[in-house]
Amino acid sequence: MRFLVISDIHGRERVISWVNRLTEERKADGIIVLGDITQFGPADWAGHFLSSLRLPTYAIPGNCDPHEVIHWIDRSAILLHAKKVRLGNEILVGFGGSNPTIFNTPFELQEEEIERELRKISEKGMILMTHTPPYGINDMVPSGRHVGSTAIKKIVEEFEPKVVLSGHVHEAWGIEKINDTLYVNPGAAKDSRAALLILDDHPQAELIALAL
């Protein structure tokens with residue numbers, strides 16, 4: 001299975017056309033959206049964006065999405081906030097929003113809540129999609145500070161996912177392999193960045209940066 005992975009659209013209309021083009025060019029089977037679909041709303045724009053994509057789409061909200069975005073994701077795509085779904089032999093587990101930030105954004109959760117709710121649905125060897133990265137991996141901002149979630153780090157260490165997909169930190173786009181887990185931050189779609197995820201016996205990922 002092949003998935004185009006995007007995050008941090010932040011309301012950019014032009015993302016729709018290049019995502020649909022890339023899914024065809026890269027022969028993707030589906031699309032994974034890691035949140036921040038809108039820039040603090042309007043919530044119904046998330047429905048417009050997701051319904052404009054041409055392949056099955058699995059999506060979660062980000063911290064810049066108002067809570068009402070959950071309703072529009074559920075209407076227009078496969079909602080995976082605090083949910084999981086089977087994809088062939090794989091289990092895809094999703095959790096949106098973020099740990100607290102300095103910006104007081106609409107969809108923030110305390111670390112204790114993230115850990116409690118994510119633990120309920122986590123499985124060994126899952127494919128994990130979160131908006132916020134685990135603390136210490138693909139989460140460094142320009143100041144050099146790590147801003148990822150300690151709760152997600154704890155879940156990752158315990159359940160050892162095959163793949164961890166996360167966005168949120170635009171500057172930290174990249175791919176890392178640590179032990180047997182592949183970590184992917186596709187970068188910000190608003191900056192024409194994405195990733196291709198190939199799920200097979202040995203998951204692989206490729207970063208994509210389009211000319212601006």
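We did not get these values from a lab; they are worked out from the coordinates using the rules stated. Values in this document were obtained by computation on a predicted structure and should not be read as measured data. Cβ: placed from backbone, ideal geometry, glycine included. Neighbour counts: every protein chain shown.
Order by neighbour count: 150, 57, 130, fewest other Cβ atoms within 10 Å first, most last.
Numbers: 150 15, 57 23, 130 31.
In order of increasing Cβ crowding within 10 Å: 150, 57, 130.
With K and R counted +1 and D and E -1, the other residues having a Cβ less than 15 Å from that of residue 198 yield a net charge of -1. The stretch 13-38 and the stretch 83-102 have Cα centres lying 18 Å from one another. In loop segments of the stretch 118-211 as defined by DSSP, the GluC sites (Glu not before Pro) with at most 16 further C-beta atoms inside 10 Å of their C-beta are 123.
Please arrange 170, 67 by counting, for each residue, the other beta carbons lying within 10 Å of its beta carbon, fewest first.
Working: 170 18, 67 13.
So the ranking, lowest neighbour count to highest, is 67, 170.
Report the antiparallel proportion of the DSSP beta bridges in the stretch 2-209 as a percent, rounded to a multiple of 5.
Details: 21 of 42 bridges.
Counting only bridges with both partners in the stretch 2-209, antiparallel ones make up about 50 percent.
Only loop residues by DSSP count here, and only those with at most 14 other Cβ atoms within 10 Å; note down the trypsin sites (Lys or Arg not before Pro) in the stretch 61-158 that meet that.
Working: sites: 75, 83, 84, 86, 116, 119, 120, 124, 145, 153, 154; in loops: 124, 145.
In loop regions of the stretch 61-158 (DSSP not H, G, I, E or B), the sparsely surrounded trypsin sites (Lys or Arg not before Pro) are 124, 145.
Give the residue list of chymotrypsin sites (Phe, Trp or Tyr not before Pro) in the stretch 79-157 that are DSSP loop and have at most 16 other beta-carbon atoms within 10 angstrom. Answer by residue number: 103. When the alpha carbon gyration tensor of the chain is reduced to an equivalent ellipsoid, the three semi-axes, largest first, read 22, 20, 17 Å.
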